[in-house]
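Following: one structure in structure tokens, then a few remarks.
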Amino acid sequence: MNRYTTLNSTDYEEVVRCDNEEVGFSAWIAVHNSNRGPALGGCRVWNYICDDDALTDVLRLSKGMTYKNSLARLSLGGGKCVVRADLEKVDRGAMFESVGQFVETLHGRYITAEDVNSTVEDMVAVKRHTKHVATVGASGNPSPFTAYGVYCAIRACVQFKFGHDDLKGLRIAIQGVGETGGRLARLLANDGCTIFATDINQNNLSELQKNVKFHAVEPEDIYGAACDIFCPCALGGILNSFTIPRLHCSIVAGSANNQLLERADGDLLDARDILYVPDYAANAGGVINISCEIGQTYDAGRARQKTEMIGETVTDILRQSKSMKRPTHVIADRMAEELIMLGVAA
Ligand code: NAD
């Protein structure tokens with residue numbers, strides 16, 4: 001049976017904990033901000049070492065969703081669910097049924113979706129207990145839209161930095177060629193870019209090789225690859241005081257979440273005159289796609305059009321960054337905060 005505890009947390013609208021000893025998991029839902037609408041964010045399952053780690057994660061991730069959803073001008077706030085469980089031991093079906101009951105207790109103030117270690121099939125189990133779940137409907141896999149959004153962000157950067165639309169001949173280094181990085185590689189190769197790619201999973205490189213000509217690079221060497229654009233599409237925290245001095249690129253734009261290890265690393269990129277697209281601006285295509293099935297009939301063409309607006313947002317960030325002489329991550333945060341304050345009217 002689920003047991004619920006409401007937690008006090010300043011700066012968050014609602015934080016609730018759920019414990020289910022019989023099934024063997026604990027979960028937290030945080031609604032960071034709902035000024036622009038119900039809080040959308042995925043359900044992450046992780047075998048956290050302790051409860052505090054899970055709580056820290058749900059607070060950090062839900063806030064990030066507020067910024068991402070706002071900057072993408074969605075009528076949605078930011079929230080997240082994290083589940084602390086050992087997927088090797090737990091009855092997965094029973095767990096997601098219980099998570100569905102948990103989500104339902106918020107009566108639509110939080111909308112869940114798949115995330116790390118939760119799949120569309122898991123969301124089907126969640127949906128048996130609540131209608132407040134996205135990604136089991138028509139919008140399907142968000143990754144193609146995420147990849148396309150990063151591609152639109154890159155186009156905007158190239159126009160801004162080099163003054164042309166043509167990507168032909170540009171050298172692109174991609175870290176991680178999974179769901180998003182692999183698709184991004186294909187889009188950029190189609191435009192005549194030269195691709196340098198790395199992955200720790202040889203299967204993903206072999207898969208890419210079927211459609212794209214690329215130069216394989218060792219994982220550690222990707223930072224030093226001589227390129228025009230570096231695309232982090234694997235892990236967070238990879239832009240830091242060790243890696244930034246090694247970069248040989250003019251632009252950084254990729255799908256990975258939380259690319260900057262510290263906020264100061266954004267300043268470091270700026271000091272090196274490397275144009276950094278804040279990750280949550282570049283990788284919003286997936287959530288934009290999901291938003292197109294919430295409260296409306298899904299239309300893939302409309303989702304694609306809305307994803308293309310990432311290019312305009314990025315141009316806006318770059319222009320303001322240049323005119324105000326402030327790093328792009330500072331400008332993006334300020335723009336998102338203004339949109340949060342204004343609510344859905346903006
Ligand atoms: P994925 O697991 O399909 O692909 C990630 C790839 O990175 C894998 O092939 C993995 O082997 C590789 N990788 C991991 N560590 C690496 C390393 N040290 N060096 C090189 N390669 C490494 O994941 P994805 O869905 O493509 O997501 C990638 C990133 O984008 C994640 O940070 C994710 O949170 C973020 N993101 C994804 C989406 C989406 O729609 N899928 C949306 C927003 C953000």
So which of GLY79, GLY24, GLY64, GLY41 ends up being closer than 27 Å to ILE331 by Cβ and open to solvent by 20 Å² or more (accessible area, probe 1.4 Å)? GLY64
Return yes when ILE317 is outside any loop (DSSP other than H, G, I, E, B), buried (at least 16 other Cβ atoms within 10 Å of the Cβ), among the aliphatic types (A, V, I, L, M) and more than 12 Å from the ligand (Cβ to nearest atom) and no when it is not. yes
Within region 245-281, track down each residue that is small (Gly, Ala, Ser) and more than 15 Å from the ligand (Cβ to nearest atom). SER250, ALA264, GLY266, ALA271
Residues of region 1-20 being within 20 Å of VAL126 (Cβ to Cβ) and open to solvent by 10 Å² or more (accessible area, probe 1.4 Å), which ones? MET1, ASN2, ARG3, TYR4, GLU14, VAL16, ARG17, ASP19
Is there a residue in region 289-304 that is among the β-branched types (Val, Ile, Thr), within 13 Å of the ligand (Cβ to nearest atom) and closer than 24 Å to GLN175 by Cα? no
Would you call GLN202 within 12 Å of the ligand (Cβ to nearest atom) and more than 23 Å from GLY285 (Cα to Cα)? yes
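Considering only residues that are small (Gly, Ala, Ser) and touching a Phe, Trp or Tyr at 6+ places or on another chain (Cβ under 7 Å), which ones fall in region 16-44? Let's see the steps before the verdict.
First pass over region 16-44, keeping only residues small (Gly, Ala, Ser): 24, 26-27, 30, 34, 37, 39, 41-42.
Result: ALA27, ALA30, ALA39.
Filter the helices (runs of 4 or more DSSP H) completely within region 188-306 down to those with at least 2 residues that are surrounded by fewer than 16 Cβ atoms within 10 Å (Cβ to Cβ).
Values: elements: 202-209, 264-271, 279-282, 285-291.
Hits in region 188-306: 202-209, 264-271.
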Inside region 170-187, can you point out the residues that are under 23 Å from the mean Cα position of the chain (by Cα), closer than 15 Å to CYS157 by Cβ and open to solvent by 30 Å² or more (accessible area, probe 1.4 Å)? LEU187
Considering region 123-146, residues that are of a type in the set (Gly, Ala, Ser) and open to solvent by less than 60 Å² (accessible area, probe 1.4 Å), and then whichever is farthest from the ligand (Cβ to nearest atom), we arrive at ALA125
Scan region 111-122 and give yes if some residue there is at pLDDT 95 or above, assigned to a helix (DSSP H, G or I) and open to solvent by 50 Å² or more (accessible area, probe 1.4 Å), otherwise no. no
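The values are calculated or read from the model by the stated rules, or taken from the named source; none is laboratory data. Since we're looking at a predicted model, the values are computed, not measured. Neighbour counts are summed over all protein chains in view; Cβ atoms, including those assigned to glycine, are modelled from backbone coordinates with ideal geometry. Areas reflect the complete protein model, heavy atoms only, side chains present, ligands, DNA and RNA absent. Shrake-Rupley method; radii C 1.70, N 1.55, O 1.52, S 1.80 Å.
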